[in-house]
Structures are given as structure tokens and as C-alpha cells.
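Below is one structure; the comments refer to it alone.
The values are calculated or read from the model by the stated rules, or taken from the named source; none is laboratory data. None of these values were measured; they are calculated from a predicted model. Heads up, the Cβs are rebuilt from the backbone with ideal geometry, glycines too, and the neighbour counts pull from every protein chain shown.
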Amino acid sequence: MAAPIKKVEVFPYPNDDKYRGGAGFDLRCVALGRNGTINATGVEVYATEKVVTLTPITTRGVPGRCYIELPNDPAFLRALAEKAIQVADGATLAETPLTA
């Protein structure tokens, strides 16, 4: 039996002009699910003692039929979060390889 869920949170994607282009172009985040691509509007996060699961939220506001599981290891998750912050601040992945 799987470990009980410790936490569930939903993180909607930002909805501002930074993510919009000209001529009606919008930056869309997508996920590849079992029935094709999903236009994602956010991410749902589940955590158990062993894994953290990320599931895209569809444009209908429901979880998509795909997910990614990450080890619920504090050192790994901190390294991943730090990498995401570095990329958001303008670093490229080639400049700062992920090491945990």
C-alpha cells in the first residue's frame, strides 16, 4: 500500500504580459499525456514520504492524465529548486549542471 499523501497544493501558472507575445501568440506550457498533448494551466503537487508527484492542470481545471515522480529527498529537491531559480534568473543549463 502506498504511503499516505502528506500535502496537496496547486500552483497556477503566471498570467501576465511577460508570457504573451504579439499577434495573438501566447506562450503555452504543455504536457504529453496518454491521449496526446495537454495545454497546462498549472501544476498540482502531491507529496508522500517517498515521492513528490507533479501533475499538470488542464485548461478545464482538472489534473491531466500524466505525472512525474521525484524522490522526496531534501537534498535532491533543494538542488532542483536552486537550478530552477538559476534558470529563472537567466542561467542556462549548460552553464550550471545539476549536481546533488
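Do the conditions hold for Gly36, that is, is it of a type in the set (Gly, Ala, Ser), touching a Ser or Thr at 6+ places or on another chain (Cβ under 7 Å) and at pLDDT 85 or above?
Numbers: of a type in the set (Gly, Ala, Ser): yes; touching a Ser or Thr at 6+ places or on another chain (Cβ under 7 Å): no; at pLDDT 85 or above: yes.
For Gly36, the condition - of a type in the set (Gly, Ala, Ser), touching a Ser or Thr at 6+ places or on another chain (Cβ under 7 Å) and at pLDDT 85 or above - is not met.
List the residue pairs whose Cβ atoms are under 8 Å apart, where the first residue sits in the range 74-85 and is closer than 15 Å to Ala47 by Cα, the second is of a type in the set (A, V, I, L, M) and outside any helix (DSSP H, G or I), and the two are 6 or more positions apart or on different chains.
From residues that are closer than 15 Å to Ala47 by Cα, the pairs are Phe76/Leu70; Phe76/Ala100; Leu77/Val52; Leu77/Leu70.
Could you grab me the full set of residues in the range 44-68 that are exposed (fewer than 13 other Cβ atoms within 10 Å of the Cβ) and within 13 Å of the chain's Cα centre (by Cα)?
Once the filter is applied, which keeps residues that are exposed (fewer than 13 other Cβ atoms within 10 Å of the Cβ) and within 13 Å of the chain's Cα centre (by Cα), the range 44-68 yields only Ile68.
Answer with yes or no whether Arg78 is under 18 Å from Ala31 (Cβ atoms), over 12 Å from the mean Cα position of the chain (by Cα), surrounded by 11 or more Cβ atoms within 10 Å (Cβ to Cβ) and at pLDDT 90 or above. Lay out the reasoning, then the answer.
Working: under 18 Å from Ala31 (Cβ atoms): no; over 12 Å from the mean Cα position of the chain (by Cα): yes; surrounded by 11 or more Cβ atoms within 10 Å (Cβ to Cβ): yes; at pLDDT 90 or above: yes.
When the stated conditions are applied, Arg78 does not pass them.
Output the residues belonging to the range 22-32 that are at pLDDT 85 or above and among the small types (Gly, Ala, Ser).
Correct list: Ala31 only.
Which residues, counting only those in the range 43-88, are of a type in the set (Gly, Ala, Ser) and part of a helix (DSSP H, G or I)? Can you show your working first?
Going through the range 43-88, the residues of a type in the set (Gly, Ala, Ser) turn out to be 47, 61, 64, 75, 79, 81, 84, 88.
Result: Ala75, Ala79, Ala81, Ala84, Ala88.
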